Each structure stands twice: as structure tokens, then as C-alpha cells.
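Input: a single structure, listed below in C-alpha cells.
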Amino acid sequence: TLQLTGEITKHTGTSLVPSILPTLQYGIIGKGTKVELSTDGTTYKAVKFAYECNGPDFALSYEDVTSFETVGMVKEQLPMTFSVGNFAVTAIAADGYGQNELGYDDLLTYVTNQTLLYFRITYPNSEKWLGRAYLMDLTRDLNIKGKQGISFNLRITEKPVLAGVTVVDLLDQDVLDVIELIINLPMPDDITAVNYTTYIADTTTAYQDYKALTNNQKNQISFILIYKLNQVMEKIDTLNLADNNPPIDWDEDE
């Protein structure tokens, strides 16, 4: 699933085979995408007239670790393993394949021989998926003006690599800074009447920096860290009041 952050523009254009498909709607990135397969990882051949490629559908499994000690009646889950899923490809089964192109017969051979393939799926902006997969579920679809379509799945056997893109941290620096501040705070059980005053300044900074985040940024910080910050503040408040000191104003700088 892609969480979209802006408007989507659908690109349309003239079909490469107008006699078969007069008009194609290419989707978000469609036109110019190339699906290539290889048996050795060196020499690739393109799937001719491929016009649709969907995937991969990554799925992360979780283990439920909720217990009677779970805080706030919030279900706790631990991430476990990935299922990297498939690429689903659709093409036109046309005649006249070139030397570096693949047709239905070639694809059927890969299925019959259970060949572990290398795949390379390149987008118009030069971004590409690279990995290994088995070709499965090869089918002939209904005729389109006398020409047959073919479809198949590339069952991925390992996490593919997305190359040609600029890697961007999902968390911005402000969020990372707050996470580090909270992690560096002591655990509540380690705060005592003897040492609590030494942690007031760091706790104030962590709280104020967290409070300054936007709601979207706050949602990127785990519940466990937020719970830790609250528990540290409560422990310090309790010890401070026990010393007959004025209540700590966490919104003011120390």
C-alpha cells in the first residue's frame, strides 16, 4: 500500500500498437516502463508489449505480545517477518519478437522448467526494481481485436532492491532528536530522592521539544517512549513534592 501525500496525475498517450489498443491509460508511472527478465543476471530480455505492472505488495507480519502488564489497554505487537509478494505483469501476445524480447513461448518455458529468474523493472525516471523471482500463474487472456493478452506473476524470493532513487529518512531530524532525548532519560525506577534533581533539566528539554512537534510528528514516536517520558515526569514530580518544593513547571526552562 502506498500512502499518498499529494495529487495523482494520470498520464495518457498514444498506444504503441494502435490497431490493437487504440488508447492506453498508463497510470501514475506507466508509459515507458520496461519489464526485463534474465536467467543469468547479465543478459536481460524485455517482455514485449507489457503495458501493466503492479507490485510488489510487501507485507510485514506481527506477533501479538499483549499481556496483563500492557499499559493503557493498547495492544502490543512485535514486527516479525516480511512477505515480499509478487509483481503482476500484463502484456499483449503479439507476433514478431526481436532478439532481445520475450514472448509467450519463452515465458511458458520458464514456468515449465521452474527457472529462478533475475528481474529488472525500470521506470521512465530510471528508478528500477532488481531481484529474483519465479514466473508463475501464466495465462492467456481474452482476445483483444484478434490478439491475445497474457498475464503472469513474478513470485519474489527475496527482498528486491529499489535502485536509482534518493534515500530519504522517514523520520525528520526534529523527531529523531526527541526520540534520542527520551531514550537518554533514566528509567523511572532509577530515579531516587537523592538524584532526581539532576534529571529535571533533561526531562524538561525532552518534554518541551516533544510538545513543540506537530501532531503528525508526534504520531511517529512510539507509545512506549511517550509512556516513559510521562512516567519520568511523574516520578520527579512526586519526589519534588515530597521535599516540600514548589511544583515543577515543565513548560518553563530551568
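For this structure, a couple of remarks:
- Virtual spin-label span in nm between Thr157 and Met136, 7 Å along Cα→Cβ: 1.3
- Neighbour net charge for Gly41 - beta-carbon separation under 15 angstrom, K R +1, D E -1: +1
- Amide H contacts of Glu101: Ala46, each under 5 Å away and 5 or more positions distant or on a separate chain (H built 1.01 Å from N in the peptide plane; Pro and chain starts excluded).
- Estimated from the Cβ-Cβ distance and a Förster radius of 30 angstrom, the FRET efficiency linking Thr192 and Ala212 is about 0.50.
Values quoted throughout were computed directly from the atomic coordinates according to the rules given, and no laboratory measurement underlies them. Model, not experiment: these values are computed from the prediction. As a convention, Cβ positions derive from the backbone with ideal geometry for all residues, glycine included, and neighbour counts pool all protein chains shown.
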